[in-house]
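The values are calculated or read from the model by the stated rules, or taken from the named source; none is laboratory data. This is a predicted model, so every value here is computed, not measured. Please note: Cβ atoms are built from the backbone with ideal geometry, for glycine as well, and neighbour counts cover all protein chains shown.
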Amino acid sequence: MKSIIGLTLGLGMSFLVNAQSIPTLAKVYAGSTAETSINSSQKNPKIQTQKEAATLTILKQDGQHVEFTYQNPAYKAYEIGTISADGKKLQIAYKGGSGVYDIVDNKLVGCGSGRVNEGPFGKWINTYYAWCDDLTAK
């Protein structure tokens, strides 16, 4: 009986500690993104690098679960993410890719990668890309 009470108290205390460490993210983060992409065309592979302004706007946060839009001059998407139990990382997923941000004070700093294969030639030509963002709360 004592072990059941101890286990229940331990789990309850652990839940409270974890619940307190989940940060409430700012509404808007802005900064820059650096992206490298390559199309996998065998006849004409093309590598492109660019650095552009980017904005991440939180639409909804329910504890660890986050819904947001991400936008740079060439791309706008609806994305989802989950904040780690210790409140230090935001893992994101979007169509074709994923990434992880470190949550440090008022910043989201992270990298990810993905693949695009849309359009009439999507079955034959894929574009692979990797990105890193440095975003600060507005």
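Scoring Gly87 on the criteria (1) in a loop (DSSP other than H, G, I, E, B); (2) crowded, with 17+ Cβ neighbours inside 10 Å leaves a single failure, condition (2).
Here's the yes/no breakdown for (1) surrounded by 14 or more Cβ atoms within 10 Å (Cβ to Cβ); (2) among the aliphatic types (A, V, I, L, M):
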| site | (1), (2) |
| --- | --- |
| Gly63 | no, no |
| Lys95 | no, no |
| Val104 | no, yes |
| Tyr128 | yes, no |
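Here is the figure for the range 57-87: residues that are closer than 21 Å to Ser113 by Cβ and free of Cβ contacts under 8 Å to residues at least 40 places away in the same chain total 16. Among the residues of the range 98-125, those that are assigned to a strand (DSSP E or B) and either at pLDDT below 95 or among the polar types (S, T, N, Q) (or both) comprise Ser98, Ser113, Gly114, Arg115, Val116. Go through the residues of the range 2-21 one by one and say whether even a single one is among the hydroxyl-bearing types (Ser, Thr, Tyr), modelled with pLDDT under 95 and loosely packed, with under 11 Cβ neighbours inside 10 Å. Yes, there is a match, as at least one residue in the range 2-21 is among the hydroxyl-bearing types (Ser, Thr, Tyr), modelled with pLDDT under 95 and loosely packed, with under 11 Cβ neighbours inside 10 Å.
Scanning the range 23-50 for residues that are among the charged types (D, E, K, R) and over 18 Å from the mean Cα position of the chain (by Cα), which turns out farthest from Cys132 (Cα to Cα)? Among residues in the range 23-50 that are among the charged types (D, E, K, R) and over 18 Å from the mean Cα position of the chain (by Cα), the one farthest from Cys132 (Cα to Cα) is Lys43.
One line per residue, one yes/no per condition, for (1) surrounded by 15 or more Cβ atoms within 10 Å (Cβ to Cβ); (2) assigned to a strand (DSSP E or B); (3) among the hydroxyl-bearing types (Ser, Thr, Tyr):
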{"site": "Gln50", "(1), (2), (3)": "no, yes, no"}
{"site": "Thr55", "(1), (2), (3)": "yes, yes, yes"}
{"site": "Lys60", "(1), (2), (3)": "no, yes, no"}
{"site": "Glu67", "(1), (2), (3)": "no, yes, no"}
{"site": "Tyr78", "(1), (2), (3)": "no, yes, yes"}
{"site": "Gln91", "(1), (2), (3)": "yes, yes, no"}
